[in-house]
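Step one of this worksheet: look at the structure below.
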Amino acid sequence: MDSKSINKKYKIAVIPGDGIGPEVVNEGLKVLDVVSRKRGITFNVEKFDWGSEYYFKFGRMMPLDALEILSSFDSIFLGAVGHPDLQDHLTLNGLLLPIRRNFDQYVCERPSYLFPGVTSPLSGKNPGDIDFVVVRENTEGEYANIGGMQYEGFPDQVAIQTSVFTKKGCARVISYAFELARKRSKKGFVTSITKSNAQGYGMVLWDNVFSEIALLYPDIKTESLLIDAACMDFIRRPEDFDVVVGSNLFGDILTDIGAIITGSMGLAPSGNINPTRKFPSMFEPVHGSAPDISGKGISNPLASILSLEMMLEHLGEKDAAEDIHKSVLKVLDNPNNLTTDLGGVCTTSQVGDLIVSYL
């Protein structure tokens, strides 16, 4: 049966957020509208004006019942949060982390791929040479926000920050990485990122769980790297990586490197995923709010559009996801289509319009 004969319906919550977030989200929604008509899918989109401006008005990043509201949606599409007049921990703990934790989005999946038409800052890398996915644990670890301050404001001030690693938390995200390695056609290879030589409790537990899970996947090759060595190897041998699994902090660090070596933060999508589908997952570009270029119309919307591709894939709309992917390839194939971060002169809306025209 042709997919167009079945009008599937999804409720999508959209949080444009701060900085360039609304700019790139607008282009993504243009693309989603065309895909919906092409594939006969109905997306009931509802926007929420939560973020830093909401904080300045009401003293919080989103309303008290925000999570209850979002729970009724099939998926969440986020632009970015962050404002130069707000400390990052307020925006992170005020919106992003509550959504990730309350909806048990324990996987943050971030692919890094060197597209045709894009030049890596690493010499000698051809399209497709860099092709890996970082699976970041997304609900515990170093971002658990457990600790406190003593003698605040005094010379003897003390800060204690505690990381939290549970066997369940480690096992489920590591298992996800192995399953993903089986699905990918590249190598069937999982790299674990650790620092157990210095963190003798949490990371030792991580290492032990990784070894246990690896026994269940004898068809998958494995390696374990210290985070500092992994950072070096992302630069000197990125083509060797397939699926990389790491803690919340380590995954965050490595994915910024992954974005840059594949050309730009403007090409880096991500999905905060609840694999059980009990709660909605959230998809967002990695680049953040980028206040320095906000309002200039030069931000790259492709990371946002590629995040929509991941969302459609997660919803099971593989044909629609493939439509977006092919259109992105066509845009990047012409140097006249690129935004300034990729060495071009196109505006944000021009790139969005090009994607729409190719669709």
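For the reader, a short list of remarks on this structure follows.
- Residue check for Phe241: crowded, with 23+ Cβ neighbours inside 10 Å and more than 18 Å from Gly141 (Cβ to Cβ): yes
- Qualifying residue in the stretch 146-164 (condition: surrounded by 20 or more Cβ atoms within 10 Å (Cβ to Cβ) and in contact with a helix residue (DSSP H, G or I) (Cβ under 6 Å, 6 or more places away or on another chain)): no
- Subset of the stretch 304-345 [among the β-branched types (Val, Ile, Thr) and farther than 26 Å from Val135 by Cα]: Val331, Thr339, Thr340, Val345
- Options Ile227, Ile273, Ile261, Ile235; residue that is surrounded by 15 or more Cβ atoms within 10 Å (Cβ to Cβ), over 23 Å from Gly169 (Cα atoms) and among the aliphatic types (A, V, I, L, M): Ile261
- Test: residue in the stretch 283-293 that is buried (at least 24 other Cβ atoms within 10 Å of the Cβ), modelled with pLDDT under 95 and assigned to a loop (DSSP other than H, G, I, E, B): yes
- Here Ile20 meets the list (1) surrounded by 17 or more Cβ atoms within 10 Å (Cβ to Cβ); (2) closer than 26 Å to Ala144 by Cβ almost entirely, failing just condition (2).
- Of Leu329, Leu312, all but one fail to be surrounded by fewer than 18 Cβ atoms within 10 Å (Cβ to Cβ), outside any loop (DSSP other than H, G, I, E, B) and among the hydrophobic types (A, V, I, L, M, F, W, C); the exception is Leu329.
The values are calculated or read from the model by the stated rules, or taken from the named source; none is laboratory data. Quantities reported herein were computed from a predicted structural model and do not represent experimental measurements. Neighbour counts run over all protein chains shown; Cβ positions are idealised from the backbone, glycine included.
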